[in-house]
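Asks: I have a structure here, written as structure tokens, and I will follow up with some questions on it.
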Amino acid sequence: MYNNVKENAAASLGQARPWSEVFERSSFAKFHGSTEAMGRLRKNFAYFKVNYGIVGIATTALVMFFNPWSVVVLAGLALVWFYAYLIRSGPFVFNGREISDREKFLGLSVASLVVVFFLTSVGAVLFYALGLSALVVGLHGVYKVPDDLFLDDVPEATGLLSFFTGATTGPPLRPPSVVTAV
């Protein structure tokens with residue numbers, strides 16, 4: 001499992017664009033209208049998606065560095081999950097009843113959500129990091145002029161965030177046919 005994660009991370013990082021290209025000062029300009037801004041954002045997101053992911057991870061790490069209590073809480077939750085799934089070999093028994101894996105997963109998920117969002121400020125810190133990352137990526141995406149990018153070598157995106165690139169999955173939409181009775 002560790003080797004798979006390591007290989008996937010190395011393959012993804014290998015697709016990152018050079019940082020000199022990301023921050024090339026001569027390619028930044030004001031946009032004229034929301035249509036142009038969204039077009040730039042789509043093109044830049046498709047081209048720099050790995051770099052933007054690195055920026056998001058780095059921003060989250062920086063925010064966590066300034067909020068060490070959040071790191072402690074998340075590390076504690078990670079240890080609980082680690083113990084429940086990897087260390088403990090036998091099933092959990094509660095009030096003489098064996099807890100299934102599904103119940104264990106749901107219980108840990110609910111407990112983690114309660115701890116992160118209601119008992120501590122970790123949820124607010126994570127949303128702050130996510131918002132700051134989105135702001136940085138969004139500002140770069142709308143101010144960088146994508147005209148000089150080689151977008152032909154960018155594969156069409158499919159998946160969760162494909163709406164940024166305008167990619168579609170499946171057949172094109174067509175108007176519904178109307179059947180009338182004679």
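Values quoted throughout were computed directly from the atomic coordinates according to the rules given, and no laboratory measurement underlies them. Bear in mind the structure is a predicted one, so any value in this text is a computation, not a measurement. We place every Cβ from the backbone using ideal geometry, glycine too, and count neighbours over all the protein chains shown.
Asks: Please go through region 22-40 and give me each residue that is exposed (fewer than 10 other Cβ atoms within 10 Å of the Cβ) and aliphatic (A, V, I, L, M), ordered by number.
Replies: Correct list: empty.
Asks: Before we move on, is residue 125 touching a residue at least 60 places away in the same chain (Cβ under 8 Å), surrounded by 11 or more Cβ atoms within 10 Å (Cβ to Cβ) and either outside any helix (DSSP H, G or I) or not aromatic (Phe, Trp, Tyr) (or both)?
Replies: So residue 125 passes the test.
Asks: For residues that are closer than 30 Å to residue 64 by Cα and loosely packed, with under 10 Cβ neighbours inside 10 Å, tally how many sit in region 83-122. Full working, then the answer.
Replies: As a first pass, look at region 83-122 and keep what is closer than 30 Å to residue 64 by Cα: 83-88, 104-122.
Of the ones still in play, those that are also loosely packed, with under 10 Cβ neighbours inside 10 Å are 86-87, 118.
Residues that pass the stated criteria total 3.
Asks: Based on this model, can you work out whether residue 12 counts as more than 16 Å from the chain's Cα centre (by Cα), surrounded by fewer than 17 Cβ atoms within 10 Å (Cβ to Cβ) and at negative phi?
Replies: no
A quick yes/no check of all residues on (1) among the basic types (Lys, Arg); (2) surrounded by 17 or more Cβ atoms within 10 Å (Cβ to Cβ); (3) in contact with a helix residue (DSSP H, G or I) (Cβ under 9 Å, 6 or more places away or on another chain):
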site: 20; (1), (2), (3): no, no, no
site: 42; (1), (2), (3): yes, yes, yes
site: 45; (1), (2), (3): no, yes, yes
site: 60; (1), (2), (3): no, yes, yes
site: 65; (1), (2), (3): no, no, yes
site: 81; (1), (2), (3): no, no, yes
